[in-house]
Amino acid sequence: MAEVKLPKLVVLTGAGVSAESGIKTYRDAGGLWENYPVMEVASAAGFNRNPALIHDFYNARRAELVKAQPNDAHRALAELEKWYDVTVITQNVDNLHERAGSSNVLHLHGELMKIRSMKHPERVCELTPDNLTTSLDTRDPYGDPVRPHIVFFQEAVPNIEPAAKLMEQADVVVIIGTSMAVYPAAGLIHYARRGVPVYYIDPRPVPVPDGITVLPVKATEGMRQLIEILRPKP
């Protein structure tokens, strides 16, 4: 018997999907995070100026992350895999999608629980909840100095082309918890094929083209509604 081919559902997520898990965003408090200007702790220039500060900053972010739990929006996205071939393209650096059970997650901006060699960027190591802290003295298994596996501002986004290809293949698109103002990620919607259903979940949605279904609610409530919309009917 031929294998049933599930429709492809591509989900673009941003900070709003993790906000209800207590994960802070770059835009909290007027663009400050932990009393630091974003460009001091999340840019290539900031890392060059003060790498020790950035190590400390991401150490604190990891400590917060391991205490956080996936919320109902994360779990609902994983549940959709019962009926769809789901790929999550996320701007978030947390691992809450994976911990909720999502099988296919593409991180555009890096991953908080990983570090990489400064000499050989292809060498990426995963941290564990028991080993969260890095510093200027941290070395990878090859003896190389490391940096957070984060795409800083002023750096290219290596996964943007794979993300665009995934969006081109989508039969359904969901946008959840993103401002739709951060490029290049915000441009991904333009790769969706004409006529593909698009659902946009955000409590403060920006204006969008006609034909996009807007659910102006928080991520957990929006995903509850979306499950009912996308669940196959008997």
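The values are calculated or read from the model by the stated rules, or taken from the named source; none is laboratory data. In this text, all values refer to a predicted model and were calculated from it rather than measured experimentally. Every residue, glycine as well, gets a Cβ built from its backbone with ideal geometry; the counts of neighbours run over all protein chains shown. We work out accessible area using only protein heavy atoms, side chains counted, and drop any ligands, DNA or RNA first. Shrake-Rupley method; radii C 1.70, N 1.55, O 1.52, S 1.80 Å.
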Next item on the list: Test V173 against the stated conditions and say whether it is open to solvent by less than 10 Å² (accessible area, probe 1.4 Å) and either more than 15 Å from the chain's Cα centre (by Cα) or at pLDDT below 85 (or both).
Entry: yes
Check: Of all residues in the range 58-72 being more than 17 Å from F152 (Cβ to Cβ) and polar (S, T, N, Q), which is surrounded by the most Cβ atoms within 10 Å (Cβ to Cβ)?
Finding: N71
Margin query: Condition check: surrounded by fewer than 17 Cβ atoms within 10 Å (Cβ to Cβ), assigned to a loop (DSSP other than H, G, I, E, B) and either on the phi > 0 side of the Ramachandran plot or out of contact with any Ser or Thr (no Cβ under 9 Å at 6 or more places or on another chain) (or both). Does P162 satisfy that?
Written below: no
Notebook entry, point to check: Taking only pairs six or more apart or across chains, which ones have beta-carbon atoms under 6 Å, a first residue in the range 44-65 that is within 10 Å of S135 (Cα to Cα), and a second residue that is open to solvent by 10 Å² or more (accessible area, probe 1.4 Å) and part of a helix (DSSP H, G or I)?
Noted result: I54/F47
Next item on the list: Hey, can you tell me all the residues within the range 57-73 that are among the acidic types (D, E) and modelled with pLDDT under 95?
Entry: E64
Margin query: Give all pairs with beta carbons closer than 9 Å in which a residue from the range 183-201 that is free of Cβ contacts under 8 Å to residues at least 40 places away in the same chain and among the charged types (D, E, K, R) meets a residue that is part of a loop (DSSP other than H, G, I, E, B) and surrounded by fewer than 20 Cβ atoms within 10 Å (Cβ to Cβ); count only pairs at least 6 apart in sequence or on separate chains.
Written below: R193/Q169; R193/D171
Note to self: I'd like the full set of residues that are open to solvent by 40 Å² or more (accessible area, probe 1.4 Å), of a type outside the set (K, R) and at pLDDT 95 or above, limited to the range 122-132.
What the structure shows: E122, V124, E126
Margin query: If I filter the range 1-37 down to residues being in contact with a strand residue (DSSP E or B) (Cβ under 7 Å, 6 or more places away or on another chain) and either at pLDDT below 85 or loosely packed, with under 13 Cβ neighbours inside 10 Å (or both), which single residue comes out as nearest to G222 (Cα to Cα)?
Written below: K24
Checklist line | Unique match (being assigned to a strand (DSSP E or B), open to solvent by 40 Å² or more (accessible area, probe 1.4 Å) and modelled with pLDDT of 95 or more) among K114, K119 | finding: K114
